[in-house]
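Every read-out reported here was derived from the displayed coordinates using simple, explicitly stated rules and does not represent laboratory data. In this text the structure is predicted, and so the values were computed from the model without any measurement. All Cβ positions, even for glycine, are placed from backbone atoms using ideal geometry, and neighbour counts span all protein chains on display.
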Amino acid sequence: MKKLDNEKELVRKALTIGTAYAEKRGAAKFEEGDSANERLEFIYRLLVRDKLIQPMPELQVSQQSIRHRLALWAASLDKKK
């Protein structure tokens, strides 16, 4: 897995967009006490369920791989604009 140049920035963007998507869809109501890792995992699983991103094999799912996959998703959103 090749790290992206601006992966941290893309993960923050994915967290922002994913949180708004989940709340608008009515799937979640995030609170301030929720950790970023919990939010990222929820967003990843929601996007997989809605077939917006490809799922990873369950043995490969980790915080690092989730962050990378969501960074790629956020980068693809920039390309669509």
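For K13, the aspartates and glutamates whose Cα falls under 15 Å of its own Cα, not counting residues fewer than eight places away in the same chain, are D5, E41, D78.
Taking 1.002 mPa s as the viscosity and 20 °C as the temperature, the Stokes-Einstein diffusion coefficient of region 13-81 based on its alpha-carbon Kirkwood radius rounds to 174 µm²/s.
Among residues other than A36 whose Cβ falls under 11 Å from its Cβ, what is the net charge (Lys/Arg +1, Asp/Glu -1)? Charge balance near A36 sits at 0. Taking Cβ atoms as reference points and 14 Å as the exclusive limit, the residues near G26 contribute a net charge of +2, counting Lys and Arg as +1 and Asp and Glu as -1. Result for the chain in a Gaussian network model with C-alpha springs under 10 Å: among L40, L59, L70, the largest mean-square fluctuation is at L59. Dividing the summed helix terms, -39500 (n - 2.57) for each DSSP H run of n ≥ 4, by the number of residues in the chain produces a 222 nm estimate of -21000 deg cm²/dmol to the nearest 500. Taking Cβ atoms as reference points and 14 Å as the exclusive limit, the residues near Q54 contribute a net charge of +2, counting Lys and Arg as +1 and Asp and Glu as -1.
With Cα atoms defining each centre, region 2-23 and region 39-59 are spaced 13 Å apart in the structure. Calculated FRET efficiency, L72 and E31, Cβ-Cβ r, R0 25 Å, to nearest 0.05? For R0 = 25 Å, the calculated efficiency reads 0.35. Under 5 Å from the amide H of I53 lie the amide H atoms of V48, each residue being 5 or more positions distant or on a separate chain, with H modelled from the backbone and absent for Pro and chain starts.
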